[in-house]
Amino acid sequence: QVQLVESGGGSVQPGGSLTLSCVVSGFAFSQVPMAWFRLIPGNKREWIAIIAPDDTAEYIDSVKGRFFVSRDIEKNTLYLRLTNLKPEDSSVYYCNVVAKPTPPWGRGTRVAVSS
C-alpha cells in the first residue's frame, strides 16, 4: 500500500523560500518517477515537477528556475525546494507516484504566500 506524507509548508512573504518533504512507503521509491502537484481552482491538481529514477527532472514553466525537486533514497524522502515564492504559488502541495492508476493521495501541505 502506497503511503505519502507531505510536510514543510507554511506562510511566507513573496520572495521567500520553503522546502517541502514527502516521506514515501509501500513501493520501490528509487525505481519509479515521482511528482509534485498543487491544487488549482476546481479542486483539481496540476503537476509542477517530476523526477525520474535517474534523477533527471522536469518542471512546469511557471516554476522553472524557482522550484527544485530532489530525492534521498536512504531516507525514502522526496523534496521540493521552493524559492522566490509568489502569491500565485499559494496552494496545497502533494506528492505522488507517476503511475496509473494513481495511488491514494496524502493530505498535502499548504503553502501561503502573501505580504
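Values quoted throughout were computed directly from the atomic coordinates according to the rules given, and no laboratory measurement underlies them. Because the structure is a prediction, the values reported are computed rather than measured. FYI the Cβ positions are ideal-geometry reconstructions off the backbone, even for glycines, and counts take in every protein chain you see.
Within straight cross-link reach of Lys86, meaning Cα distance under 24 Å, which lysines are found once same-chain residues fewer than 8 apart are removed?
Lys44, Lys64
With +1 assigned to the C-beta of every Lys and Arg and -1 to the C-beta of every Asp and Glu, and no other charges, what is the dipole magnitude of the chain about the Cα centre in debye, to the nearest 20?
Numbers: 12 positive and 10 negative charges, 62 e Å.
The dipole of the chain has a size of about 300 debye.
Roughly speaking, what is the centre-to-centre gap between segment 74-98 and segment 20-34 when only Cα atoms are used, to the nearest Å?
The distance from the Cα centre of segment 74-98 to that of segment 20-34 comes to 13 Å.
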